[in-house]
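Please read the structure below before turning to the comments.
Please treat every number below as a calculation from the coordinates, not as lab data. None of these values were measured; they are calculated from a predicted model. Cβ: placed from backbone, ideal geometry, glycine included. Neighbour counts: every protein chain shown.
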Amino acid sequence: VKGTFDVDPAQCDYGPPTASVRRILSTWMAIDWFVPPGHAANQSLATKLLAQYNARARAQSPDAFPAELTTRAVWGGWGEFAALCNQVKTQGWDWRYGALKPLSSAHSKARGWSPEASLRRAAPRDPAQPYGPGDLFWAYGDQVIWRGLNPKFAPGDALPRDRDELASWYVFYASVDGVHCVEWQLAEDNSDLKTNPFFPLVCCYAAGFYPFSLDRSTIVLFAFTE
Amino acid sequence: MPTASALRPPPARSSSPAGPRASGAPGRPERLVPIAFSARDRLIIALTRRKLGGAAPAFDEALRALREAVEEVIPAGRVYLLGAAECGPIVGSLVSSVAIVDGEGGVALVRVGRDGQTTALGRLAP
């Protein structure tokens, strides 16, 4: 299942961060969701990526991220995936609202980033169109908001109805990590991805391991067996 | 890509033109269907309505109020262009898919399905 965006990465042009933005979007759009990892070694890769994510996040917000992150892999089918989705939906701890969004917000504020700033940096486009194929922002009057990052599953990649809701929930939540990843680079105003804590997360999804944060210091990496 | 005209801001105006309205007590926010909204959605809608001060807003005013409310309620809260309807853009949450869209009866709340179809959830303001 491919989750495409309505953006052509090759046509994104935001100055110095352009190469990294294109890489993030291309990595995301290449993900084949809900299939087993392509290689058995991806489990150790995913574990390393999670450690990278935590170290980079902790460098930005030492108090919000643990000194030691515990990760464990869980392999299974849709039943196990559903159980993990339900667990994180109902537990008290919310990874995205409790850790990831505050991290992104603090970073963007510290760098003075705004959608308006990125719109000003974008390459000129046809004024007759509301946006171009590489535009990540859209202006309505004096309001500038994100566009193009509303994930869509490719035609023909429909999942059975009982799985579709879960899959959509997970991918839409995960896509916000992709947005934060792009925003981080736009705020950094360069193409060096080495400090971006969200890029290892995007790479983790691409490796076929789906993180579920059970508490502030424990993440389960789920992978499909078939 | 949605048509350029659907996503183009209208000429400046201070409020929505008069037009047919959905049912509901005039002058008071429509009650939300509880099952359609998360607690976070309800908080954001309530704050958006407070910012609008009970007036029937033009879409650009509703968009500004919604964006401010999302940014106040959620750290790194963002609104997204989710699509376009006949009357204009559909703007809302990537996660909950609750959005606003302009309509003949004023700015409406909708849920956007994965197929891009919208389900009406009520009016944003009276």
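Summary table
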| read-out | value |
| --- | --- |
| Whole-Å distance, taken between Cα centres, linking the range A:1-57 and the range B:69-126 | 28 |
| Cross-link table A:K48/A:K109; A:K152/A:K194; A:K194/B:K51; A:K2/B:K51, entries beyond 30 Å C-alpha to C-alpha | A:K194/B:K51; A:K2/B:K51 |
| Loop chymotrypsin sites (Phe, Trp or Tyr not before Pro), the range A:21-128, which have at most 16 other Cβ atoms in a 10 Å radius of their Cβ (DSSP) | A:W93 |
| Reach of A:K89 by Cα under 16 Å, taken over aspartates and glutamates that are not fewer than 8 positions away in the same chain | A:E80, A:E165, A:D215, B:D41 |
| Cleavage-rule hits, trypsin sites (Lys or Arg not before Pro), the range A:157-223, DSSP coil, Cβ neighbours within 10 Å at most 14 | A:R216 |
| Contour minus Cα-Cα distance for A:R163 and A:T218 (0.36 nm per residue) | 17.2 nm |
| Gap separating the Cα centres of the range A:59-125 and the range A:170-199, nearest whole Å | 9 |
| Lys/Arg +1, Asp/Glu -1 at C-beta; the range A:32-88 dipole; positive extreme among A:W78, A:Q52, A:V88 | A:Q52 |
| Pairs of Cα atoms farther than 11 Å apart, the range B:83-126, % | 60 |
| Computed magnitude of the charge dipole of chain A (debye, nearest 20; Cβ of K, R +1, Cβ of D, E -1) | 380 |
| Ranking of A:T70, B:T48, A:T4 by count of other Cβ atoms within 10 Å, fewest first | A:T70, A:T4, B:T48 |
| Peptide A:142-151 - average C-beta neighbours from other chains (10 Å radius) | 6 |
| q = 0.08, 0.12, 0.18 Å⁻¹, chain A: log10 I(q)/I(0) [Debye, one scatterer per Cα] | -0.29, -0.66, -1.40 |
| Degrees, to the nearest 10: A:161-188 long Cα axis against longest axis of chain A | 50 |
| Residues A:R125 and B:A46, FRET efficiency given R0 of 30 Å [Cβ-Cβ distance, rounded to 0.05] | 0.20 |
